[in-house]
1. Using the Karplus equation 6.51 cos²θ - 1.76 cosθ + 1.60 (θ = phi - 60°), what ³J(HN,Hα) coupling, rounded to whole Hz, does each residue of region 372-385 give in order, writing x for Gly and Pro?
2. Using 0.36 nm per residue, how much length does the chain from Val284 to Asp12 gain when fully extended, once their Cα-Cα distance is taken away?
3. If amide H atoms are built 1.01 Å from N in the plane of the peptide, which residues on other chains or at least 5 residues away come under 5 Å of the amide H of Val345?
4. Taking the Cα centre of region 418-478 as origin, work out the dipole magnitude from +1 charges on Lys and Arg Cβ and -1 charges on Asp and Glu Cβ, in debye rounded to 20.
5. Calculate how many DSSP beta bridges within region 246-448 are antiparallel, expressed in % of all such bridges and rounded to the nearest 5.
6. Per-residue counts of other Cβ atoms within 10 Å, averaged by peptide: what ranking do you get for 567-574, 515-522, highest first?
7. Which percent of the Cα-Cα distances in region 420-523 go past 18 Å?
8. If the only charges are +1 at each Lys and Arg Cβ and -1 at each Asp and Glu Cβ, what is the size of the charge dipole of region 246-448 around the Cα centre, to the nearest 20 debye?
Amino acid sequence: MCGIVAATAQRDVSEILISGLHALEYRGYDSAGIALQHDGRLTRVRTQGKVRDLEKQAGRQSVPGFCGIAHTRWATHGVPNTENAHPHLSHDEIALVHNGIIENHQALRGELAAAGYDFKSDTDTEVVVHLVHHLMAGDRSLFDAVREAVGKLEGSFGIALVCSREPGVVVGARCGNPIVLGIGFNEHFLASDIHALLAVTNRFVHLDEGDVAEIRVDGYRIIDRDGETVERSVREADLSADAMQRGRYRHFMQKEIFEQPAAVAETLEGRIGADHVLPNIFGVGSDEVLRRVRQVHIVACGTSYHAGLVARYQLEQLAGIPCLAEVASEYRYRDPVVPEDALFVVVSQSGETADTLAALRHARESGYLATLAICNVPESSIVREADLVLMTRAGPEIGVASTKAFTTQLVALQLLVLELAQLGGRIEPDQLREWVADLNRLPDVMRQALTLDEAIERLAGHFVEKHHALFLGRGSHYPIAMEGALKLKEISYIHAEAYPAGELKHGPLALVDHDMPVVAVAPNNSLLQKLISNIEEVRARGGEMFVIADARAGASLNERHGEIVELETGGALLAPVVLTVPLQLLAYHVAVLRGTDVDQPRNLAKSVTVE
C-alpha cells in the first residue's frame with residue numbers, strides 16, 4: 001500500500017497524477033513513482049522520499065503523457081528504496097501499481113523465474129506485473145490478462161496497470177483494497193481514494209469486490225468476479241478539494257483538533273431531539289433489530305478500539321447491556337462463542353481497515369443478530385457490508401494521528417448506548433432527557449476546552465526532552481488515557497503507555513522518577529478519591545505529575561498533586577469526549593516542539609489496508 005492514482009485523457013495527465021499523490025500524502029508513505037505512456041513507450045520516474053521530490057525529478061525529465069499511473073508506497077515487502085518503489089515494470093511494456101499484499105507471491109515468483117523473468121526488487125508487487133505480462137502472450141489484451149491474473153492471486157490487493165501496446169487504456173482491479181473510478185468529460189480516472197481525484201471530478205463509481213475495470217478517454221467497462229459485464233451506480237461526492245487544505249492552521253492535525261466541535265455537531269444533527277434519540281437513525285427498521293439486542297460485541301483497531309472500550313463501560317453502566325470490546329486483529333483468528341441476540345459493532349474511520357473488515361466478514365458467518373458499522377467514509381467496504389450503519393460525519397481527516405474521527409466515534413457510540421437504553425426500557429424518561437440535553441450542548445463544551453490551547457502549549461515544554469511518559473485513568477477514562485498515550489507516541493516518538501491507575505502498585509510504579517512525566521485523567525466521579533491516592537503515590541516517589549481534571553474535581557486537588565489543568569467537562573456522559581481534547585493538544589504541541597513530522601509520522605499509514 002498506500003496510494004494509487006491513474007488517468008487517461010486528451011491532455012497531459014502528469015500534473016493530475018502528481019496532484020493526486022499530493023492529496024494522498026496524508027495516508028503515509030516512504031517512496032513515490034509515476035509511469036506515463038508516450039509515443040508507444042513507457043516512461044517511469046521513481047524516488048525514495050516525498051512526492052515533492054518526485055515532482056522535481058519528473059519536471060527535470062519533462063515527462064509528458066496522456067495516460068499513466070502513479071503511486072505512493074508504504075513498505076511491506078522490501079525496504080523503502082527506489083528499487084522497491086512503484087510502478088514496477090515487466091519488459092518495459094507493462095507498468096503496475098499495487099496496494100495490499102500478495103500472499104502466494106513466493107510460489108508465483110518461482111514459476112515466473114523458471115519461465116525466464118528477471119526480478120529486480122524484493123516486493124510481492126513485481127510478481128503481479130510479470131504474471132500479467134506472461135498472460136498477455138500472443139494477442140491477448142491487457143484487460144483479459146488482468147482478469148486471468150486476478151484469479152491466480154491470493155491475498156488482498158488493488159491494482160492499476162498500463163501497457164505500451166494499448167495507448168490510452170488503464171486497467172484496474174479490486175480484491176480487498178479499495179479502487180474507485182472517477183468520471184470526467186472525455187477523461188477517466190482510477191484511484192484508491194476519492195480525495196486523489198476531487199480536483200478533477202466529483203462523480204465516482206466504487207468498484208465491488210472482484211471487479212476488473214478498464215478506462216479509456218471515451219468510456220469505461222466493468223466485469224464482476226463472475227465474468228459478467230455490470231453497471232455500478234454513479235455517485236456525486238459532496239466534498240471539495242478545498243476540504244483538503246490546511247487554511248490558517250500550521251498542520252492538518254491542528255486544524256482537525258479545532259474542527260471537532262463542528263464535527264460533533266454534524267454527527268448529532270438529525271439524530272437526537274430535545275429529549276430522546278430519533279427513530280431508526282441506524283437505518284431503516286433498525287429500531288426493531290436493536291430492541292432485541294441483549295449483548296454487544298465491539299471490534300476495532302487502534303484509536304477506534306479505544307472508542308469501543310469507552311462504549312463498553314457506558315453500555316454496561318448506562319444501558320445495562322453486557323459488552324465485549326476486542327482488537328480486530330485478534331478477533332478474526334479465533335472462534336467466538338456468540339450469545340443469542342448479540343449485536344456485532346465494527347468501528348473504523350476509513351471503512352477499509354483490513355483487520356476490521358475481515359472481522360466483519362467473519363462475524364457475518366458467526367450467528368450474530370446483526371452487524372453495525374460506525375464509520376466516517378460513505379461507500380467504504382465496511383459501510384456497504386454491514387446490516388446497519390451510522391456515519392460519523394467527521395469530514396476528511398488528513399493527519400495520520402486520528403483526532404476528530406475519534407471524538408465523533410465516541411459520540412456515535414453514545415448514541416448507540418442511549419438508543420439501546422431507550423428501546424429496551426432500561427432508562428427513566430427524566431434521565432434520558434438529561435443525557436440528550438448533555439449531548440446537545442457538547443459542541444459548546446468542546447469549544448470551551450479548546451481555549452486551553454495556550455496553557456497546554458506551555459505544559460508541553462516539560463515533555464520535550466523526555467524519553468518516556470505514563471498515562472493513568474480509571475473506569476471509562478482508562479481508554480482515554482490509552483488514547484492520550486497513543487497520540488503522544490505516534491507523533492512525538494516519545495515512548496508512552498497507559499495503565500489503569502489502580503495497577504500502579506502492580507508494576508509501573510517501579511518506573512516512576514523525575515525523568516518520567518505522568519499524566520492523569522481526572523473526571524469528577526466516584527473514583528476521584530481513589531485516583532488522587534494513586535497521584536500521591538507518584539508524587540511520593542519523585543514523579544512529575546500532570547493532571548487533566550474536571551473543574552469540579554479541581555477542588556480536591558492542589559499544588560502538591562503536580563500541575564493541574566482544569567476544564568468544564570459537561571458531566572459523566574460527555575467527560576470522556578471533552579477530556580480527550582487537552583490530551584490531543586498536548587501530543588500536538590510536544591511534537592511541534594520536538595520538530596517531528598506531525599501530519600505524517602514515520603512508519604505509519606492513515607488507512608491500514610493490509611494485515
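A short reminder: the numbers here are calculations on the coordinates, not readings from a lab. If you're wondering where the values come from, they're calculated on a predicted model, not measured in any experiment. Don't worry about glycine lacking a Cβ; one is built from the backbone with ideal geometry, like all the others, and counts go over all protein chains shown.
1. 10, 10, 9, 8, 9, 10, x, 6, 6, 4, 5, 4, 6, 9
2. Difference between extended and current length: 93.3 nm.
3. Residues meeting the criterion, in which the H sits 1.01 Å from N, are His297, Ile298, Val299, Leu372.
4. My answer is approximately 180 debye.
5. Approximately 5 percent, going by the DSSP bridge assignments.
6. 515-522, 567-574
7. Taking all Cα-Cα pairs of region 420-523, the fraction more than 18 Å apart is 63 percent.
8. Computed charge dipole of region 246-448: roughly 560 debye.
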